[in-house]
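What follows is a set of notes on a single structure, which appears directly below.
The values are calculated or read from the model by the stated rules, or taken from the named source; none is laboratory data. Just so it is clear, the structure is predicted and the values come from calculations on it, not from any experiment. Reconstructed Cβ throughout: ideal geometry from the backbone, glycine too, with neighbour counts over all protein chains shown. For accessibility, only protein heavy atoms count, side chains too; no ligands or nucleic acids. Shrake-Rupley method; radii C 1.70, N 1.55, O 1.52, S 1.80 Å.
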Amino acid sequence: MLRHRLSLEEFQALLEKAPEGVRLELLDGEVYEMAPIGSGHASLVTYLAKQLERLYGDRALVYVQNPLRLSQHSLPQPDLALLQPREDFYRARLPEPGDTLLVVEVSFSSRELDLKVKLPLYAQGGIPEVWLVEETGTLEVYREPRGSHYRHRLLLEPGEEVAPLLLGHPLLRWNPPRGTPPA
């Protein structure tokens, strides 16, 4: 069977023809449909965006559910990223790995994809740090990319503190919103 890896240009053309509301990502030349965003996922992204803006907004741009150009064949849409500030807010071009301080993925329904596909692509791209948030409330911190993996993995439970490696203090106290989301 022949497989064809899409380029960014081919993917952009595909996006123009996609039905309204369909969210797609290009990962290593393959197109993935993103899962719908539920209330628990949305709540956590909103919480993290607010906390990251409060703590680091004077030194980083909080970039929410927007594309990140990893390579000619990868255009993921992480839930959050912290970027180097730019006066044009990346209007002239999409952010790339060299612009990226941190990527955050909320892995409720996408854990397998995040671990097996996206995390290796982020490492290959040289993203210095990735946080994966599990539905259980655990925060996994991945640092020091080498090839297609990260050398360091740190697990945080609610109540523990962490800061993005390239930003340092202040520390973020990991207290994700709790409770059962409505059905």
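Looking across the stretch 91-137 at every residue that is acidic (Asp, Glu) and under 18 Å from Val62 (Cβ atoms), the one that is nearest to the chain's Cα centre (by Cα) is identified as Glu105. Criterion applied to Leu113, Leu139 was being touching a strand residue (DSSP E or B) at 6+ places or on another chain (Cβ under 6 Å) and not β-branched (Val, Ile, Thr), and the one residue passing it is Leu139.
Note on the stretch 73-108: residues that are within 17 Å of Lys118 (Cβ to Cβ) and either free of Cβ contacts under 8 Å to residues at least 60 places away in the same chain or outside any strand (DSSP E or B) (or both) amount to 18.
Within 19 Å of Ala42 (Cα to Cα), open to solvent by 20 Å² or more (accessible area, probe 1.4 Å) and outside any loop (DSSP other than H, G, I, E, B), is that true of Leu155?
Details: within 19 Å of Ala42 (Cα to Cα): no; open to solvent by 20 Å² or more (accessible area, probe 1.4 Å): yes; outside any loop (DSSP other than H, G, I, E, B): yes.
No; evaluated as a whole, the condition is false for this residue.
Screening Tyr142 with (1) of a type outside the set (S, T, N, Q); (2) closer than 26 Å to Ser43 by Cβ; (3) part of a loop (DSSP other than H, G, I, E, B) gives one miss only, at (3).
When the stretch 84-104 is limited to residues that are surrounded by 13 or more Cβ atoms within 10 Å (Cβ to Cβ) and hydrophobic (A, V, I, L, M, F, W, C), the one that is farthest from Leu166 (Cα to Cα) turns out to be Leu94.
Given the residues Leu27, Leu15, which is the only one that is farther than 19 Å from Ala81 by Cα and either modelled with pLDDT of 85 or more or not small (Gly, Ala, Ser) (or both)? Can you show your working first?
Numbers: Leu27 fails: farther than 19 Å from Ala81 by Cα.
Criteria check complete, one pass: Leu15.
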